[in-house]
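Bear in mind these aren't lab numbers, they're just calculated from the coordinates by the rules spelled out. Keep in mind that this is a model prediction, so the values were computed, not measured. Quick reminder, even Gly has a Cβ in these numbers, built from the backbone with ideal geometry, and neighbours come from all protein chains shown.
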């Protein structure tokens, strides 16, 4: 991603929607289904392609759907549910997924998910799932990304990156935007501290959230409401190969002034 | 690259870096310089193209550079500067740009800018400017976007969108990401409440930060440290024409649990 060598200006980047996957069921072979979808679109992966996959199909393939009738709200969940006028089953599930409540108001709980993300309702999703099922975030999104990466790299004989995507609300700004939950094969963060600008000034403490930038780009074609486009291929990025991890992007407690 | 006969599926989106602008000076004709850069790249704008322009060249063309020797730190700035170990001239400028301090710690002030954005150091930038000058955010970024839009639309005979871009740090997540300061010709926010998913579930309270998504995509080619690529052309987006405003994306006080 470095532009410090002036002669090396970036080329165009393409955001290509991936469609043609079936409705995903627990146990489905996602790498296999993605390969099939790519092939039927005539898309052959090349080195440094990045595939962004919505977490919804990951969560479903990994069986992270919880039936509401399987939830038993405890006393704490019932009390909180009454206080903020929410369904106690949903509140119990949110608490189960979380390590702590960060904020709450009527109809909304913002928690720290057991995997570190701070977001509304522990990322539990009520859309794009059969009736009576709630979709939770993947248990290990980096691992989910690695599995897809390995399957696709083996098939196409290339080195790629994979990002598992969600969209969250955020402080200060309205509207949801992209969040890279899991990352494999590219850096989540790129540190540009010490790079020199046109006037010779050295940048200080500048880290760029590369995987989130890519995730947001992908959300321009991945439909929020529609499994019709559950993934996007980003082609033309410049990055150094890296194991990568979605954890790189999680701000640690001691560096956060807002929790 | 047609991927499907289904007309509802999105086509590919292209992120095209715009280079070839000179170092910008106060008073420069930015629409004219952008037209020249587009022409020498062989790029002819078409309807629904979105041009994302880094605020740095806007701020410079609009003379939003402040010489540090022109700043006189007052008593409040000196006291705060001592408390958080920052340069009092810088602190005075940050306070001048802001309506209030939201958080502070050693070496960092997070304020609400007079235009509503909550960000570090009121968005004042020490990079990419001649020695002894600080670059402040544009006074009316929507207006800056409108002027570029009008100039380019008139020249190319098309209808486009323009976004004035910055990158800010954020709570919960590390790394800077894109922020659409000014918007013209496309909606900043897209409301998807009431859209139906594959299972017939109606989405609730779902607003997508369209202009920020586009802004992040553009930052994949716009160099943080380098005026070599001060703008990007995003081609292939589907959106309804709209006046648009960066203000759509600013979360109002009463809807924010984190300030």
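For segment A:77-223, what ratio Rg/Rh do Cα atoms give with a Kirkwood hydrodynamic radius? So for segment A:77-223, dividing Rg by the Kirkwood Rh gives 1.06. With a cut-off of 17 Å, note down the residues of segment B:69-96 whose backbone N falls inside the zone around a label point 7 Å from the Cα of residue B:104 toward its beta carbon. Residues passing the 17 Å test: B:72-96.
With contacts taken as Cα pairs under 8 Å at a separation of at least 6 residues, segment B:43-108 carries a relative contact order of 25 percent.
The per residue volume of the convex hull around the alpha-carbon atoms of chain A is 136 Å³. For chain A, a Gaussian network of Cα nodes joined below 10 Å ranks A:184, A:12, A:41 by mean-square fluctuation, and the top entry is A:12.
Comparing Cα centroids, segment B:94-135 and segment B:143-176 end up 20 angstrom apart. Across peptide B:161-172, the mean count of Cβ atoms from other chains lying within 10 Å of each residue's own Cβ comes to 4. Look at A:206, A:54 and count the other Cβ atoms within 10 Å of each Cβ; fewest to most, that gives A:206, A:54. Residue separation of residue A:36 and residue A:240 scaled by 0.36 nm, minus their Cα-Cα distance, works out to 70.7 nm of gained length.
Length gained on full extension, residue A:85 to residue A:139, computed as 0.36 nm times the residue gap minus the Cα-Cα distance: 16.6 nm.
In whole percent, what relative contact order does segment B:1-112 give with Cα contacts below 8 Å and a gap of six or more residues?
Relative contact order for segment B:1-112 comes out at 16 percent.
With the helix formula -39500 (n - 2.57) applied to DSSP H stretches of n ≥ 4, the protein assembly as shown reaches a computed 222 nm mean residue ellipticity of -7500 deg cm²/dmol. Comparing B:17, B:171, B:26 in a Gaussian network model of chain B where C-alpha atoms under 10 Å apart are linked, the largest mean-square fluctuation is found at B:171. The relative contact order of chain A, computed from alpha carbon pairs under 8 Å that lie at least 6 residues apart in sequence, is 26 percent.
For the protein assembly as shown, a Kirkwood hydrodynamic radius built from all Cα pairs, placed in the Stokes-Einstein relation at 20 °C and 1.002 mPa s, yields a translational diffusion coefficient of 91 µm²/s.
Mind checking the mean number of beta-carbon atoms from other chains within 10 Å of the Cβ atoms in A:15-22?
5
Largest GNM mean-square fluctuation among B:215, B:132, B:28, using chain B with Cα springs under 10 Å: B:132. Each of B:165, A:40, B:69 was scored by other Cβ atoms within 10 Å of its Cβ. Arranged with the fewest first, they read B:69, A:40, B:165. Start at zero, step by 10 Å, and the Cα-Cα distances of segment A:41-145 spread as 14, 41, 28, 10, 5, 1 percent across the bins. Cα extents for segment B:49-101 along the principal axes, largest to smallest and rounded to whole angstrom: 48, 23, 18.
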